[in-house]
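For reference, the structure is listed below as C-alpha cells.
The values are calculated or read from the model by the stated rules, or taken from the named source; none is laboratory data. If you're wondering where the values come from, they're calculated on a predicted model, not measured in any experiment. Here Cβ is always computed from backbone atoms with ideal geometry, including for glycine, and neighbour counts include all displayed protein chains. These area figures cover heavy atoms from the full protein model, side chains too; ligands, DNA and RNA do not enter into them. Shrake-Rupley method; radii C 1.70, N 1.55, O 1.52, S 1.80 Å.
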Amino acid sequence: MLFGFEWDLSNPLAFAISILPILLIGMWVTIQATVVGFFVALVLGLIFAILKSAPSRFIAWPARLVTEFIRDTPLLVQLFFLYYVLPEYGIVLPAFMTGALALGLQYSAYTSEVYRAGIEAVGRDQHEAARALNLPSARTFTHIVVPQAIPRIVPAMGNYLVSIMKDVPVLSVVTVLEMLNVAKIIGDRTFNYLIPLSMVGGLYLIMTLVASAGVRLLDRYLPKQGLPLK
Amino acid sequence: MTDPIIKFDKVVKRFGDLTVLDELDFEVQKGEKVSIIGPSGSGKSTVLRILMTLEQIDGGIVTVGGEPLWHESGPNGLQPASEAHLRKMRAQLGMVFQQFNLFPHMSVLRNITEAPVRVLGLSKVEARERGEELLELVGLADQADKYPHQLSGGQQQRVGIARALAMRPSILLFDEPTSALDPELVGEVLTVIGRLAEEHDLTMLLVTHEMRFAREISDRVCFFDKGQIREEGTPEALFTDPNEERTREFLKAVLD
Amino acid sequence: MHWTEYLPSLMQGAWVTVQLTLYSTLLGAAAAFVFGIGKLSRNWALRGVSIAYIEVFRGTSLLVQLFWLYFALPLAGNAIGIDLRLPPVLAGVLALGLNIGAYGAEVVRGAIQAVHSDQHEAARALNFTERQTLFRITIPQAIPEMMPSFGNLAVQNLKDTALVSLISLGDLTFRAEQIRNFTQESTTIYTMLLFMYFGMALVVTAIMRLLERFAGRWRVAGS
C-alpha cells in the first residue's frame, strides 16, 4: 500500500491498473519539481547572463567560471552538496525545495547561455538605429532588444524544460517521491519492478511528447521578427 | 548521317506547374561539339541534368548511344530504368558543374582518382598515373596535394574538368562552367575546354553564356527558349544571321 | 581527517568513472552512427527501428532507463526463461551509451543532411554507388560538423556516470558517498568531488577539441 492505494497482484493487468493512481501522484510531484526547477533556472540564468555580460572583467570572468563549473559537474553531486552541506550552515530546506534548487542551479548554466545568445542575435544595426534615434539605452533594451530576443529564447528554454523533466528522477536520492521513486518503492515491496518501471517509461514518453508538442506550438505562434509593439 | 549518340524524343520535364521542357526534340552526333544558349529558365541546364540522370523526365524518351536512358525494356515493353541500368548508362557521361562541386575533404589528386579506383576498379597506381596526366593536361601538375579551398575558382574548375575526364566518358557535359568565376579567371578555363574540343573526339555539350567562346569551339549552336529549341545552326549562321526574331533579340541583349 | 587521506579511495573511484565514460561514449558513438544513418535509410524496417530507438531513449529519463535495465530487465528475462541479470557495470555502460547514443544519432542525422546536395550530384555524376557516396563523400564531410555537439555529449556523459552510483557501482560519486557516511565531512568531500568532476570535464573537452581538429584537418590544411 502506498498513498492509501492497495495494489492488486492477482494478474499483471490488474496490477498495472491498481498502481496507476500511485504513479500519477508521483507524476504530479515530477511536474511540480519540473516547474519550480525551471522557474529557478530562468531567474538564476538571467542573473548569470547579466553578470557575464557585465562591463567589468572582475564580475564577468568569475561569473563565466562559475557557470562553466556548474555546467561541467553532475547534477547528482550538486544535489548531494546542497542537501548535505547547506544544513551545516544553518540552511535547512525541505528535500523537494533542495531538489528543485539543484535542478535550477544546474540548468541556470544553460539558460544563461540562451539569454546571451538571444540578446546577441539582435544585430548591431538595431543598436545603431536606436542610437541614431537617441533612444535611452534602457529603453533600447526593453523596447528594441527584448521583443526581438524573446522569439529566439523561448523555444530553446522550452527544450530545457523538457530536459529538466527528464532529470527530476535524480531527486529520488534525497527521498523526493517523484514518479521513479514511487515506482521503485512499489518494486521493492512487490518484487515486481518490470511493470511499474515500464509504466514510468511509458508515462515519461507521454509527458515529454506533450511538452515537446507544446514547445513547438508556442514556437509556431511566436512572431519570428519579434513581439509586435503598437 | 549515322545514328545520333544523344537523342531527345518529345521529352517533357515539369517542376510543379512549370513546364521546363515542352516536348523537346534534340539530337547530337558522335564527336559533335554543341553549345546551348538561351535566356535563364529556358531549360538549357535541365537538358544536361537529365542526361547526367540528376533529373527524371516526365514524358518522352531520351536515348544515349542508341539505348533508352530513363527506361529499359522489360516484359511489357519499356519500363522505368533501374539503378543498375542508370549506372551502366552513366558510365558514358561526365559532367562539369557550375559550382565545380569538388569534394572539399579530398586532395586535388584524390578528387580525380577516387572514382576511377572505387567505380572503375583501377589500381591506385594506375589511377594516380591517370590523375597526374590529367592534371598536366589542365596545367595543375604542381597542385596535386592541395585541397580545393586552397585553389582559385579557375583552378578548381580545371580540377573539375580533370575529374570528369578521369572516368573516360564519351560524352562530356559542361553546365555553365565559367558562370561562377571572377571575370579574370574565365580565360584559363575556356582555354582548357577549347583545347579539349580541338584535340579529342569527345562529344561535348556546353551550356554557356560565353557567346564568343561558343562561336569559336562549336560545330553547332542551339538557341533554347521556353523549353524548346527555337533555332539551331552553325555558329556562323546563328550568330551573324539568325532567322528568328527571338534569337535576334536575345543575341542583341547579350552581345551588347 | 585531512582531506588528502580521502584521495586514494577517490582516485580509485575516479578511475572507474573514466572507464565508464570511455566505454559508454564509444558505445554511444557507435549507436549514434548506426541509428542516425538508419533513420535516413530507405528501408522502412531499419528506419522504423532507428526512429523508435531515438524516440524512446530521448523521450524517457536516463535514470529510468538505468533502473529498467538493472531492476526490470531480469524480470522480463525470467518471464521468457532467459537470464538477463546484468552486472552493474554492464547495465551502467548500456544505459549511458544507449542514452547518449540516441542524442548522438540526431546529431549524426542532422550533419549528414546538412551536406550540400551539390556533393550528391557530383558523386552521382562520377557513378558512385549510394553506399560509396555515404561512406566516402557524405560522412567524411559531416563528421567535422558533428564534433562540437559530440564534445558536449561526451561531457554530458561524464556527468551522467555519477548516476551509476545508485546501482552500487563503485564510481567516484559512490566512493565519496561511502566516505561521507563514514566521516560526515560533507563540505570537504563534496567540494573535492565537484572539483574532480570539473577537472575531468576539462580533460574530456580538451580531448574532444583535439579530435575535432583531427577530423577537420582538411579544412585548415596548409592555408
Legend entry - Neighbours by Cβ (under 6 Å, 6+ apart or cross-chain): first from segment A:80-94, touching a residue at least 12 places away in the same chain (Cβ under 8 Å); second surrounded by fewer than 16 Cβ atoms within 10 Å (Cβ to Cβ) and among the polar types (S, T, N, Q): none
Legend entry - C:GLY36 open to solvent by less than 40 Å² (accessible area, probe 1.4 Å) and more than 9 Å from chain A (Cβ to nearest Cβ): yes
Inset, instruction - Answer with yes or no whether B:ARG212 is under 19 Å from B:THR247 (Cβ atoms) and either of a type outside the set (A, V, I, L, M) or assigned to a helix (DSSP H, G or I) (or both). - result: yes
Inset, instruction - List every residue pair whose Cβ atoms sit under 6 Å apart, with the two residues 6 or more apart in sequence or on different chains, where the first one lies in segment B:1-14 and is open to solvent by less than 30 Å² (accessible area, probe 1.4 Å) and the second, anywhere, is part of a loop (DSSP other than H, G, I, E, B). - result: B:PRO4/B:GLN29; B:ILE5/B:LYS30; B:ILE5/B:GLY65; B:VAL11/B:ILE57; B:VAL12/B:ASP58; B:LYS13/B:ILE57; B:LYS13/B:ASP58
Inset, instruction - Out of A:THR140, A:THR67, A:THR98, report the one residue that is β-branched (Val, Ile, Thr) and in contact with a Leu (Cβ under 6 Å, 6 or more places away or on another chain). - result: A:THR98
Inset, instruction - Scan segment A:128-138 and give yes if some residue there is surrounded by 18 or more Cβ atoms within 10 Å (Cβ to Cβ) and either within 14 Å of chain C (Cβ to nearest Cβ) or farther than 18 Å from A:THR67 by Cα (or both), otherwise no. - result: yes
Inset, instruction - Any chance you could count how many residues in segment A:53-95 are within 23 Å of A:ASP167 (Cβ to Cβ) and among the charged types (D, E, K, R)? - result: 3
Inset, instruction - Identify all residues within segment B:168-180 that are surrounded by 21 or more Cβ atoms within 10 Å (Cβ to Cβ) and more than 14 Å from the chain's Cα centre (by Cα); write none if there are none. - result: none
Legend entry - Residue count, segment B:2-34 (criterion: of a type in the set (D, E, K, R) and part of a loop (DSSP other than H, G, I, E, B)): 4
Inset, instruction - Write out, first by first residue and then by second, each pair whose Cβ atoms fall under 7 Å of each other, whose residues are 6+ apart or on separate chains, and whose first residue, in segment C:1-14, is closer than 17 Å to C:MET200 by Cβ while the second is of a type in the set (Asp, Glu). - result: C:GLY13/C:ASP171
Legend entry - Selected residue (criterion: farthest from the other protein chains (Cβ to nearest Cβ)) from residues of segment B:105-149 that are surrounded by fewer than 17 Cβ atoms within 10 Å (Cβ to Cβ) and in a loop (DSSP other than H, G, I, E, B): B:GLY139
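Could you list all residues from segment B:218-251 that are within 22 Å of B:THR191 (Cα to Cα), open to solvent by 50 Å² or more (accessible area, probe 1.4 Å) and either assigned to a loop (DSSP other than H, G, I, E, B) or of a type in the set (Gly, Ala, Ser) (or both)?
Within segment B:218-251, B:ASP219, B:THR234 meet the criteria.
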Inset, instruction - Of all residues in segment C:79-114, count the ones that are surrounded by fewer than 18 Cβ atoms within 10 Å (Cβ to Cβ) and either within 14 Å of chain B (Cβ to nearest Cβ) or touching a Pro at 6+ places or on another chain (Cβ under 6 Å) (or both). - result: 3
Inset, instruction - Those residues that are out of contact with any Phe, Trp or Tyr (no Cβ under 8 Å at 6 or more places or on another chain) and among the hydroxyl-bearing types (Ser, Thr, Tyr), I need them from segment B:217-256; list them, please. - result: B:SER218, B:THR234, B:THR240
Legend entry - Answer residue from segment A:74-99, given it is more than 9 Å from chain C (Cβ to nearest Cβ) and under 19 Å from C:LEU62 (Cβ atoms) and is surrounded by the fewest Cβ atoms within 10 Å (Cβ to Cβ) among those: A:LEU79
Legend entry - Matching residues in segment B:56-98 - criterion: being buried (at least 19 other Cβ atoms within 10 Å of the Cβ), among the charged types (D, E, K, R) and more than 10 Å from chain C (Cβ to nearest Cβ): none
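Let's see how each residue does on (1) open to solvent by 30 Å² or more (accessible area, probe 1.4 Å); (2) touching a residue at least 60 places away in the same chain (Cβ under 8 Å):
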{"position": "C:PHE182", "(1), (2)": "yes, no"}
{"position": "C:THR187", "(1), (2)": "yes, no"}
{"position": "C:TYR190", "(1), (2)": "no, no"}
{"position": "C:MET196", "(1), (2)": "yes, yes"}
{"position": "C:VAL203", "(1), (2)": "yes, no"}
{"position": "C:ALA206", "(1), (2)": "yes, no"}
{"position": "C:ARG209", "(1), (2)": "yes, no"}
{"position": "C:ARG213", "(1), (2)": "yes, no"}
{"position": "C:ARG219", "(1), (2)": "yes, yes"}
Legend entry - Meets criteria (at pLDDT below 95, within 16 Å of the chain's Cα centre (by Cα) and within 24 Å of A:VAL168 (Cβ to Cβ)) for A:LEU75: no
Legend entry - Restricting segment B:15-33 to residues that are closer than 22 Å to B:ALA197 by Cβ and either touching a residue at least 24 places away in the same chain (Cβ under 8 Å) or of a type in the set (Phe, Trp, Tyr) (or both), the residue that is most open to solvent (accessible area, probe 1.4 Å): B:LYS30
Legend entry - Failed item in (1) part of a helix (DSSP H, G or I); (2) open to solvent by 30 Å² or more (accessible area, probe 1.4 Å); (3) touching a residue at least 40 places away in the same chain (Cβ under 8 Å), with A:VAL200 passing the rest: (2)
Legend entry - segment B:46-69 residues that are modelled with pLDDT of 90 or more, paired with ones that are part of a loop (DSSP other than H, G, I, E, B) and surrounded by fewer than 16 Cβ atoms within 10 Å (Cβ to Cβ) (beta carbon under 8 Å, 6 or more apart): B:ILE50/B:GLN56
Inset, instruction - Quickly run through segment B:210-225 and pick out the residues that are more than 15 Å from B:GLN29 (Cα to Cα) and either at pLDDT 95 or above or in contact with an Asp or Glu (Cβ under 7 Å, 6 or more places away or on another chain) (or both). - result: B:PHE223
Legend entry - Meets criteria (surrounded by 18 or more Cβ atoms within 10 Å (Cβ to Cβ), within 14 Å of the chain's Cα centre (by Cα) and modelled with pLDDT under 90) for B:LEU202: no
